[in-house]
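Undergrad: Could you have a look at this structure, given as C-alpha cells, before my questions?
Since every read-out is calculated from the coordinates, none of them should be taken as a lab result. The model shown is predicted, which means the values in this text are computed figures rather than measured ones. Here Cβ is always computed from backbone atoms with ideal geometry, including for glycine, and neighbour counts include all displayed protein chains.
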C-alpha cells in the first residue's frame, strides 16, 4: 500500500545529508527550503518505520502464538496498532496545501445590514484576535475603516506565527484559518433595534496567505500609486497630508490601499504587503482552476451568496453549513474558542481528499 513511501525515505535521507553540510547554510533561502521539506517528511518517515516494525512484531508474535496461547492477545493488540498506524500514515500522505505554513492576511467586510453588519464585523475581528492569542500567534491590524457606532466597515489584520517558527503539520496559520473565508451570517436583536425584533445581517471574510517577496514578482512599471488624505469615521479628516496610499496592479486590476500609518512610506509598505498576498492568492486560484482541483472547503471571495456559517444569538448556536457542524456555545466561540468549528472543516476536507485518493 505504501510502496511510494520508500521514495520519500530516500529523499528524507538525502535531505539529512545536505542539512549536515555547513556550506548549505550559507544560503539561508536554500537552507530554509530544505528544512521545511525535511520537517514535512519527518512525521511520515517516523510513522512508516513504526508501521514496518509493527508488521515484523506481528509476524514474530504469530509464530510464538503457535506454541504459546499467551501470545494470541498480543497479536490482536499489535494488529489493532497496525490498523491505527495505517490510518495515520494514509492521512499523512494526503497531498498538503503548500501554503499551510504561511502567515495570512485576514480581511473582514461589513455587508448587508448597515450599522448592525459593521458591529458584527467588529465581533468577528475580536473573535479572530482572541483565537490567535489562544494559538500563540501575533496579530497586527494593517488597515481599518471604523463605523460611527464602533464597528468596522472594513478591517485587515495580519496573523502570523511568533519568531518565524515552523509550525507542526496542519497547525500553521493558513492551515487553520483558510476555512474562514466566506459569508458569515448573524441573527440577533441589533443594538439599534427598539422593537426587540431579531434581524439577520452578514459580513464577509477573506483570508489570503501572506506572500513573501520571493513568492510574487511585481514589476514596478505595472503599478499605479495614488496618494490621498486619510479620513476617519463619517468622513472626518484625521490627516492633513496626503499620506494614504492606493496601489493598483494594472495587468490584473487588483487594488490594495492603506491609510492607518502616519507616513506615506509606511502606508505604501503595508499596501504592498496586501497587494502581494492578493496576487499570490489569485495566482494560486488560477492554478487550481486549471488543475480542476479547487478546494471546496474554502471560499476565496466575499462576493459569493453562499453563507458558510450562521451565528444565532437567541439560541446561543453556531452552525457551519458546509460540514453540518452545530454547537450551542456561541458565546465561547466569539471569545476565541474556534478549534472545534475549524477542526470539523479540517476533518471534512481530509475525508474528501482521502476519498479522492
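Undergrad: Given a cut-off of under 8 Å on Cα pairs at least six residues apart, what relative contact order in percent is computed for the chain?
TA: Numbers: 579 pairs, mean separation 54.5, N = 357.
Relative contact order for the chain comes out at 15 percent.
Undergrad: When DSSP assigns beta bridges and you keep just the ones with both residues in the chain, what percent turn out antiparallel, to the nearest 5? Don't skip to the end; give the middle numbers.
TA: Details: 48 of 53 bridges.
In the chain, DSSP labels about 90 percent of beta bridges as antiparallel.
Undergrad: Would you mind telling me which residue in 116, 133, 77 has the biggest mean-square fluctuation in a Gaussian network model of the chain, where springs connect alpha carbons within a distance under 10 angstrom?
TA: 77
Undergrad: So for 274, 141, fewest C-beta neighbours within 10 Å to most, what's the order?
TA: Values: 274 24, 141 13.
Ascending number of Cβ neighbours within 10 Å: 141, 274.
Undergrad: How far, in degrees from 0 to 90, does helix 339-356 lean away from the longest principal axis of the Cα atoms of the chain, to the nearest 10?
TA: Approximately 60 degrees, to the nearest ten.
Undergrad: Same structure again: Along the Cα-to-C-beta direction of residue 229, a point sits 7 Å from the Cα; which residues of the range 132-148 have their amide N less than 19 Å from that point?
TA: From the range 132-148, the list is 145-146.
Undergrad: Students often check this: by mean Cβ neighbours within 10 Å, which of 177-189, 26-38, 338-350 ranks highest, and how do the rest follow? Can you show the working numbers first?
TA: Details: 177-189: 22.2, 26-38: 12.8, 338-350: 17.3.
The most tightly packed comes first, giving 177-189, 338-350, 26-38.
Undergrad: Here's something else I'd like to know. What residue among 195, 171, 264 shows peak mean-square fluctuation when the chain is described by a Gaussian network model with Cα springs under 10 Å?
TA: 195
Undergrad: What's the angle, to the nearest 10 degrees (0 to 90), between helix 72-92's Cα axis and the longest principal axis of the chain?
TA: 40 degrees
Undergrad: Next question, about the same structure. Does anyone have the angle between helix 264-290 and the longest principal axis of the chain? Alpha-carbon axes, 0 to 90°, nearest 10?
TA: Result, in degrees: 50.
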